[in-house]
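The block underneath contains the structure these notes are about, expressed in structure tokens.
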Amino acid sequence: MTQNEIMAQAEEHVLHTYNRFPISIDRGEGVRIWDSEGKEYLDFMAGIAVYALGYHYPGYDEALKSQIDKVLHTSNLYYHAPLAEAAGKVTTSTGLSRVFFTNSGAEAIEGALKAARKYAWLKDGSNDHEIIAMRSSFHGRSVGALSVTGNTHYQDPFKPLMGGVVFAEYNNLDSVKALMNEKTCAVIMETVQGEGGIYPADPEFIKGVRALCDEHDALLILDEIQCGMGRTGEMWAYQNYGVEPDIVTCAKALGCGVPVGAFVLNEKAAKASLVPGDHGTTYGGNPFVCAAVSKVFDLFEENKITEHVKEITPYFAASLNGLMQKHPCIRAHRGAGLMRGLEFDENHPVGAIINRALEKGLLIISAGNNVLRFVPPLIITEKEIDEAVAILDSCIEE
Ligand SMILES: *Cc1c(COP(=O)(O)O)cnc(C)c1O
């Protein structure tokens, strides 16, 4: 099939919930992908922060292939070695104590919300517990995850959603304090807001929320589905703050390309929440995805991926600052590690820049209103940053 035929056939049969870019991706290698006509692109979106190690990182494919030769799926009614290994690596890395593997980010959020509700219910048996979520947050598209997503545009057509959710303002501790009471069972927030426009948590805010949760015996759920797995230079973004959540959610880069997510609980939350019969998944944490997770942690460690992120971040940040100085239409530059955003003024819609960049061989995406989002593979080099910045420079110029 030609690229046009692929696009036409997909448009005919796939439910139209995405406005896709007009290319069909054929293969990837390193930090580049090729479309079905053979055109090459530098990838600065990494499948939305999924391909932390880029495409075909040495050792990754081999680990997956050898698991295919053994067994792909077992259900969760049996033990298997990849589960034992991946679970150990996730809990060691997060500093928490127990993990539940899911198939996606949204499902990790669902599990975390259920654990928080159960934790509170076990204490007083009542069903009026509240979850404090943040405005401009994003936690996924399933009904529970959507209920804590502070975006009316995403929520409104699907109401009534899950009840017992109230919204505070991100990085405004007083707004959280004002909503905290004896009914509060959890606060859920991203450590770095992603879809909302790349806003890292202020240190005083996240520490203050942690303290408020401790005071009220509410669970702190940190959503690190996008900002976790080394993206900020620490394996988990909360490790930049010296704060620990009671539950962390992850997905995206957890398997570096296979569909896997997880919610991970500390001992306090694990010991007084979900028990057999409360929660489940048929596919979640199957041998194939666990083999990927396990290999990803090994590769991160062997190849010092987080050290690389720390080293390259100042260069990347300086390059984006350079773009901002050159182009007055760029209003702000924010971010942490290799998760960064450039905010443009209203007269410069980022959609046009993104489309032009695609034509010029650079994959990049937006976040929120008028923010160009950078979530490249974590293995990106200075040379590739220069290449991306040069393309963007010319696109903004135009
Ligand atoms: C992508 C994302 C989700 C949802 O993950 P899915 O795998 O798409 O369900 C939730 N939270 C954050 C912060 C995300 O970036």
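General observations
- Placing Ile6, Ile396 in order of accessible area, with the largest value first and a 1.4 Å probe, yields Ile6, Ile396.
- Per-selection Kirkwood Rh - region 180-258 (Cα, Å, 1 d.p.): 12.9 Å
- Excluding same-chain neighbours fewer than eight residues apart, the lysines reachable from Lys326 by a Cα-Cα span under 21 Å are Lys360, Lys383.
- Cα-based helix-to-principal-axis angle, 81-94 vs the chain, degrees rounded to 10: 90 degrees
- Helix-derived mean residue ellipticity, 222 nm - over the chain, DSSP H n ≥ 4, -39500 (n - 2.57), to 500: -12000 deg cm²/dmol
- Heavy-atom accessible surface of region 325-398: percent carbon and sulfur, 1.4 Å: 48 percent
- Descending by average beta-carbon neighbour count within 10 Å, the peptides 139-151, 43-55 line up as 43-55, 139-151, the highest first.
- Directionally averaged shadow of the chain, computed from the convex hull of its alpha-carbon atoms, nm²: 20.0 nm²
- Net charge, Leu146 excluded, C-beta distance under 12 Å - Lys, Arg +1, Asp, Glu -1: 0
- Here region 169-313 exposes an accessible surface that is 48 percent carbon and sulfur, computed with a 1.4 Å probe and the other protein chains kept in place.
- Only protein heavy atoms count here; on that basis, with a 1.4 Å probe, Ile25 has an accessible area of about 100 Å².
- Global geometry of region 1-157, whether rounded, prolate or oblate, following the gyration tensor of its Cα atoms and the 1.5 cut on a/c: oblate
- Prolate/oblate/rounded call for region 219-278, Cα gyration tensor, a/c under 1.5 rounded: oblate
- Shape class for region 176-317: oblate, because the ratio a/c of the largest to smallest gyration tensor axis (alpha-carbon atoms, square roots of eigenvalues) is 1.5 or more and b/c is at least a/b.
- Applying 0.36 nm per residue to the separation of Glu169 and Glu29 and subtracting their alpha-carbon distance, the gain on full extension is 46.3 nm.
- Over region 1-148, Cα pairs under 8 Å with separation of 6+ residues give a relative contact order of 12 percent.
- Per-pair calculated FRET efficiency, R0 = 45 Å: Asn347 and Ala10 via Cβ, rounded to 0.05: 0.85
- Restricting the trypsin sites (Lys or Arg not before Pro) of region 1-107 to loop positions (DSSP other than H, G, I, E, B) with no more than 16 neighbouring Cβ atoms within 10 Å leaves Arg20, Lys39.
- Charge tally in the Cβ shell below 12 Å around Gly335, where Lys, Arg are +1 and Asp, Glu are -1, Gly335 excluded: +3
- Cross-link pairs beyond the 18 Å C-alpha cut-off, checked among Lys89/Lys268; Lys177/Lys207; Lys114/Lys271; Lys89/Lys114; Lys271/Lys295; Lys123/Lys271: Lys89/Lys268; Lys89/Lys114; Lys271/Lys295
- His216-Lys159 pseudo-label distance in nm [points 7 Å out on the Cα-to-Cβ vector]: 2.2 nm
- Looking at region 53-208, the accessible area is 47 square angstrom per residue; that uses a 1.4 Å probe and ignores ligands, DNA and RNA.
- Probe 1.4 Å, protein heavy atoms only - accessible area per residue of region 283-398 in square angstrom: 40 Å²
- By average C-beta atoms within 10 angstrom, highest first, the peptides 369-376, 240-247: 369-376, 240-247
- Principal-axis tilt of helix 203-216 within the chain, Cα atoms, nearest 10 degrees: 20 degrees
- In loop segments of region 330-371 as defined by DSSP, the GluC sites (Glu not before Pro) with at most 14 further C-beta atoms inside 10 Å of their C-beta are Glu346.
The values are calculated or read from the model by the stated rules, or taken from the named source; none is laboratory data. None of these values were measured; they are calculated from a predicted model. Neighbour counts are summed over all protein chains in view; Cβ atoms, including those assigned to glycine, are modelled from backbone coordinates with ideal geometry. Note: accessible area is taken over every heavy atom of the protein model, side chains too, but ligands, DNA and RNA are not part of it. Shrake-Rupley method; radii C 1.70, N 1.55, O 1.52, S 1.80 Å.
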